[in-house]
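The block underneath contains the structure these notes are about, expressed in structure tokens.
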Amino acid sequence: MTESSVSELEMPEQHLTVMIHEMSLMVARLFNRQVREVGLTRTQWQVLYWLYHDDGQSQTALAEQLSMAKPPLGRVVDRLEEEGWVVRKADSGDRRVNLVYLTDKVRPLVAPLERIVNDIGEVAMAGMSMRDRQKLDSLMRSVHASLSAALNES
């Protein structure tokens, strides 16, 4: 193989990681633009979303689920608590651990925010056939599983 052939073969993988990162940033910008008046960011919404589906989690568990370092997540939770979106309560099994719970302020926003997320997905897949959408979903789940496995091996 020539040197140019090797770089051509390596390029799709390198390009894929850059593209995934850029798409994530674009989704964040679109989401942040649409929820500005609610007073939430995409990262804050992700924390609320995880809690909506599994309330009463430790910050460590949330950090792992969101692939975030604990200190930045702590600042996100601080901000959510200041705004009345969440409360921290001591874990009855381990007083050193605080569990994070949603407040009633969040519940009315879940459905509208999920619609925004779905709308962004529709924008992203505009012009794709149902078959292409299903294939993309399958491929993205495969990429996600591979990356998750690699993280768990570390």
Residue count, the range 99-108, condition surrounded by fewer than 17 Cβ atoms within 10 Å (Cβ to Cβ) and either closer than 12 Å to residue 40 by Cβ or among the polar types (S, T, N, Q) (or both), comes to 2
Provide a single number: the residues in the range 72-108 that are more than 17 Å from the chain's Cα centre (by Cα) and either of a type outside the set (Lys, Arg) or within 28 Å of residue 140 (Cβ to Cβ) (or both).
-> 23
Considering only residues of the range 74-96 that are surrounded by 15 or more Cβ atoms within 10 Å (Cβ to Cβ) and of a type in the set (A, V, I, L, M, F, W, C), which is nearest to residue 58 (Cα to Cα)?
-> 77
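For the range 87-101, which positions are modelled with pLDDT of 90 or more and touching a Gly at 6+ places or on another chain (Cβ under 9 Å)? If you could, list the steps in order and put the result at the bottom.
Let us first name the residues in the range 87-101 that are modelled with pLDDT of 90 or more, namely 87-89, 99-101.
Listed by number, the residues that qualify are 89, 99, 100, 101.
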Contact list, first residue from the range 78-90 and under 15 Å from residue 104 (Cα atoms), second anywhere and in a helix (DSSP H, G or I) and of a type outside the set (A, V, I, L, M), beta-carbon distance below 8 Å, six or more apart or interchain, is 80/44; 85/44; 87/81; 88/81
Of the residues in the range 43-74, how many are farther than 16 Å from residue 97 by Cα and among the basic types (Lys, Arg)?
-> 0
Does the range 80-100 contain at least one residue that is in a helix (DSSP H, G or I), of a type outside the set (D, E, K, R) and closer than 23 Å to residue 28 by Cβ?
-> yes
Kindly establish whether residue 55 is surrounded by fewer than 16 Cβ atoms within 10 Å (Cβ to Cβ), in a helix (DSSP H, G or I), modelled with pLDDT of 90 or more and of a type in the set (D, E, K, R).
-> no
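The values are calculated or read from the model by the stated rules, or taken from the named source; none is laboratory data. Since the structure is predicted, the reported quantities are computational estimates derived from the model, not experimental observations. Positions of Cβ are generated from backbone atoms using ideal geometry, with glycine treated the same way; all protein chains shown enter the neighbour counts.
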